[in-house]
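The structure under discussion appears below in the form of structure tokens.
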Amino acid sequence: EEMARARYGTGVGLAQEIVKLQAEIAMTEARRLQREQIRAELVVAINTLRDRPGTTPVRRGPGEQLYEGPLDLDALRSRAAVLRPEVGEAGAEIEAAEIRVTLADQKSRPDLTFGLTYGWVDRRDDAAGRLQPPEGNGDDILGVSIGTSIPLWAESLEAATQEAVERKMASAEMKRAILGEIEGGLVNALRSIPLLREQLDLFEKTLLVQSEESLRLAELAYAAGTVGALDLLDAE
């Protein structure tokens, strides 16, 4: 923009170049702000997956490179099932639901209890006890008890059992949905990775090389005065 102003001040350049450059600066700033917003959302998403606060900085490690090894769907599926906390949560919900079903089923059945008590009794050694010992003096006490409980509210107990079964089914469905989501994500990723590698190769080996050569030629032409600032901007 400073160059275009200088050229315009000397009567060589056009005011159109200055206006277009200013508009390009404003649009570039708008794109930068948009990228910053996208980056902030991605940082929150990454920290959520890592179970960390959303404001934790996310940085690339030193020497980070693209993974070029084989991609095994079965191994990735097993690893994801272990690392995803939602899968463990769903499994715990299923186990809890199974316990509820067992307890509800037990409550709907008659309950029979047995009891056994034993009391140790010492003989009386006082004077009165020795003169007139009571009947069964020193005999230990053994007691046996039997009890039963019959569930009377059958409908209520049946409803509790049905509720426990429904919770178990809901937990199993939640786990199935999570595993299905993992499966779909992995399949999409495995299909996309080869295409992304081809795109990166195209950018690095062809498009970037052509663009850099085009920019170099435009800079030479601009230095020679054969093209204007707008042509140089387009080349950049």
Completion exercise
Computed over the chain: longest principal axis from alpha-carbon atoms vs helix 208-224 long axis, angle to nearest 10 degrees, is 30 degrees
Completion exercise
Heavy-atom accessible area of Glu181, protein chains in place, probe 1.4 angstrom, given in Å² to nearest 10, is 110 Å²
Handout entry: Sulfur and carbon atoms: percent of accessible area, the chain [1.4 Å]
Key = 58 percent
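So, for the chain, what is the accessible surface per residue at a probe of 1.4 Å, expressed in square angstrom?
Numbers: 18610 Å² over 236 residues.
So the chain comes to 79 Å² accessible per residue, rounded to a whole number.
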Handout entry: Options (i) 6, 23, 25, 18, 11, 7, 6, 4, 1, 0; (ii) 7, 31, 32, 19, 9, 2, 0; (iii) 6, 12, 15, 13, 12, 10, 8, 7, 5, 4, 3, 2, 2, 1, 0 - which one matches P(r) over Cα pairs in 10 Å bins from 0, in percent as calculated here
Key = (iii)
Completion exercise
With every protein chain in place, the accessible area of Asp140 for a 1.4 Å probe, in Å² rounded to the nearest 10, comes to 70 Å²
Problem - Using alpha-carbon coordinates, inclination of helix 73-83 to the longest axis of the chain, degrees - result: 60 degrees
Practice task
Pull up the cross-link candidates among the lysines for Lys107, meaning alpha carbon to alpha carbon under 20 Å and not fewer than 8 places away within one chain.
Solution key: Lys168
Exercise for the section: Within the stretch 11-60, report the trypsin sites (Lys or Arg not before Pro) that DSSP leaves as loop and that have at most 13 other Cβ atoms within 10 Å. Expected result: Arg50, Arg59, Arg60
Handout entry: Neighbour cut-off at most 14 other Cβ (10 Å), DSSP loop, chymotrypsin sites (Phe, Trp or Tyr not before Pro), the stretch 128-236
Key = Trp153
Handout entry: Degrees, to the nearest 10: 15-49 long Cα axis against longest axis of the chain
Key = 20 degrees
Completion exercise
Once all protein chains are kept in place, Met169 shows an accessible area at probe 1.4 Å, nearest 10 Å², of 110 Å²
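The values are calculated or read from the model by the stated rules, or taken from the named source; none is laboratory data. Not measured: the values here are computed from a predicted model. Cβ atoms come from the backbone with ideal geometry, glycine included; neighbour counts cover every protein chain shown. Just the protein is used for accessible areas: all its heavy atoms, side chains included, with ligands, DNA and RNA removed. Shrake-Rupley method; radii C 1.70, N 1.55, O 1.52, S 1.80 Å.
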